Amino acid sequence: MKQWLSLALGIMTATGGFLDAATIASAAQAGAQFGFGLIWAVLLATGALILLVEMAGRFTAVSEKTYADAIREHFGFKLYLIPLSAEIIAESLLLTAELGGIAIAISLFTGINWHFLFPVAALLVWLLVWRAPFSFIENAPATLGLLTIFFLVGIGLLGGPPHALWPTLWHPDIPQGQMATYLYLVAATLGATISPYLLFFYSSGAREEHWTWRSLALNRATAFIGMGFGCLGSIALVVLGGIVLRPLNITAGTLGEVGLAMARPMGIFGSLIFATVLFSTCLGAALEVVLAISYNIAQGFGWEWSEDKKPVEAARFNVTLTVFLLIALGIGLLGMDPLQIALLASTVIALFLPFSLAPFLIIMNDRTYLGTKTNGRFANIAMIFVLMLAFVVAIVSIPLLILSGGG
Amino acid sequence: MPEAIRWLYAMRDIMDAQLVTSDGVRIGRVADIEAEWRDDGTLVLTQIVTGPQALAGRVSEHLRPIARFLLRDRFEHTIPLDEVEQFGPTLRLKGKAEDYTVGQSDRWIAQHILRWIPGSES
């Protein structure tokens, strides 16, 4: 029974990995500019993610080793440095963006300027990773993230999408000269959703939960339900953006405009819900990102690690957590807008995506770790397809970013 | 579960493996392996090497003297290979965590830095 309560791991991974400041804004923008025309990209990204998450969970459940363990052990220290360097740069930037999102959410409640709240956000995240056990870290943001359901309520309250919007689902309405922006948002959706940190976190979480080969069914359920939940939330935001923002010709460039989308169906209550959802998803994301990079380093170097251990029992791991929060604090104090930082981080992630995902293809076929549970033919073919997708995203993201003028 | 190992390969079963002590503590990873020419002409693997200088050497031989100059061998440690009870992606060691100098950074940081921060010990 307790094992099934850890479906929360999947939902939390989704809440932190799928829905955060960047994806909330880009989903609303996608809806605002192209109606339903980008939903297929969300579905494609979800499919890829379910595949990757299931593999990460299966690998860790059977071998009792994490993804980072496997990269170091299988490829050696030198090659391990490649995904590690990419993760360090990307996660430092992303962590800064998520802390910014938390600060903005708190400022929506209190009215205090978010720049002053930034250190508060950093301190909150630090307190949680310092003291809270893994189960709390897993459950708290996941529970709050369930509020995403209110997006669906909002759609209902608005009477559902107008008839004119439905055809854009299979026949996107791309105005003249907007093709580069459309393709950029496709790449951004794919790159932002398929984030390697999510896999490092999920794999480590499976160890924190002491999954074994008996947990394979649970892993599969968690992958589908968790990522499915995130997908639903993203799609709901695209739809809301299409219903509310598109007729008004507002492109959701800032979080404030997304808040508008929420506020219309439910007034002040809607704005409060939005602020809470923003808070919980950014908090979940911040926890996931800082833990993912610290897990990666601790596991890659063979240190003690776990959120269920006291800080003195996993000293270097906890120092790493603290250092990354300080780095994010430093970047944040430079004052850049969190959405711009998130964009930068997503671009770095997209560029290195093939290198971060390629190890999977090899270790998922390694019998030393997986015994009889290695990939079947379907999983390998699907994985190759995902890798090709990752290569395409990596190659086109910078040219499209330039051509579309920043999306 | 991994099969019993019949043939030992240095890269597969020793290099980069996780070092775990008999009391279940992770103390580090294998960075390099020391070997010795014996008088009878055989080459024998003698010690496991851990530490940033050894890791720097793995990336490039040119980095080794630079790392040595900066770190002065202070973080390099060795463990004799006969301390290893079980080979594979994880090396199980015969002794307890306090028997080895590897991983002493964790203890040092815990004693000298972390204990000043509230909540580190409970």
- prompt: What does the charge dipole of chain B about its Cα centre add up to, to the nearest 20 debye, if the Cβ of each Lys and Arg holds +1 and the Cβ of each Asp and Glu holds -1?
  reply: 440
- line: Exposure proxy check on A:R220, B:R38: fewest-to-most Cβ neighbours within 10 Å is B:R38, A:R220
- prompt: Given charges of +1 on the Cβ of Lys and Arg and -1 on the Cβ of Asp and Glu, with all other atoms neutral, how large is the dipole of region A:71-213 about its Cα centre, in debye to the nearest 20?
  reply: 120
field: Sites matching GluC sites (Glu not before Pro) across region B:42-122 that sit in DSSP coil, with at most 10 neighbouring C-beta atoms within 10 Å
entry: B:E61
message: Give me the percent relative contact order of chain A, please, defined on Cα pairs under 8 angstrom at least 6 residues apart.
response: 38
message: Using a 10 Å cut-off around each Cβ, can you sort A:T96, A:T189, A:T181, B:T46 from fewest to most neighbouring Cβ atoms?
response: B:T46, A:T181, A:T189, A:T96
query: Using the eigenvalues of the Cα gyration tensor, what equivalent ellipsoid semi-axes result for chain B when each is taken as the square root of five times the eigenvalue, whole Å, largest first?
result: 27, 21, 12
- request: Sum -39500 (n - 2.57) across every DSSP H segment of at least 4 residues in chain B, then divide by the residue count to get the 222 nm mean residue ellipticity, nearest 500.
  value: -6000 deg cm²/dmol
- prompt: Using only helices, what value at 222 nm comes out for chain A when you add -39,500 (n - 2.57) per DSSP H run of length 4 or more and divide by the total residues, to the nearest 500 deg cm²/dmol?
  reply: -26500 deg cm²/dmol
- line: Here the whole-number average of other chain Cβ atoms within 10 Å per Cβ of A:314-321 is 5
- request: Calculate, for A:R377 and A:I225, the FRET efficiency according to 1/(1 + (r/R0)^6) with r their C-beta to C-beta distance and R0 25 Å; round to the nearest 0.05.
  value: 0.45
- prompt: Using a basic spin-label model with each label point 7 Å from the Cα along Cα→Cβ, how many nm lie between B:D99 and B:R74?
  reply: 2.9
Whichever aspartates and glutamates have a C-alpha closer than 16 Å to that of B:K94, once near sequence neighbours (fewer than 8 apart) are set aside: B:D23, B:D82, B:E83, B:E85
- prompt: Quick one: Debye curve from the C-alpha atoms of region A:310-407, no solvent, what's log10 I(q)/I(0) at q = 0.11 Å⁻¹?
  reply: -0.60
query: Hey, got the average number of other protein chain Cβ atoms within 10 angstrom for residues in B:24-35?
result: 3
- line: Filtered hits (lysines, Cα-Cα < 19 Å from A:K373, offset >= 8 within chain) -> A:K65
field: Those residues of region B:75-92 whose amide nitrogen sits under 18 Å from the label point placed on B:M11, 7 Å along Cα→Cβ
entry: B:88-90
- prompt: For peptide A:126-136, how many partner chain Cβ atoms fall within 10 Å of a residue's Cβ, on average?
  reply: 1
- prompt: Gain in length, A:I149 to A:W170, computed as 0.36 nm per residue apart minus the alpha-carbon separation, to one decimal in nm?
  reply: 5.1 nm
message: Can you tell me what share of the DSSP beta bridges in chain B is antiparallel? A percent to the nearest 5 is fine.
response: 85
- prompt: Among A:H115, A:H163, which comes first, second and so on when ranked by fewest other beta-carbon atoms within 10 Å?
  reply: A:H163, A:H115
query: Along the charge dipole of the protein assembly as shown, which of B:T101, A:L389, B:L70 sits closest to the positive end, that is, farthest toward it, with unit charges on the beta carbon of Lys, Arg, Asp and Glu (+1, +1, -1, -1)?
result: A:L389
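Read-outs: derived from the displayed coordinates by stated rules, not from any lab. Remember, predicted model here, so these are calculated numbers, not experimental data. Cβ coordinates were reconstructed from backbone atoms using ideal geometry, including for glycine residues, and neighbour counts include every protein chain displayed.
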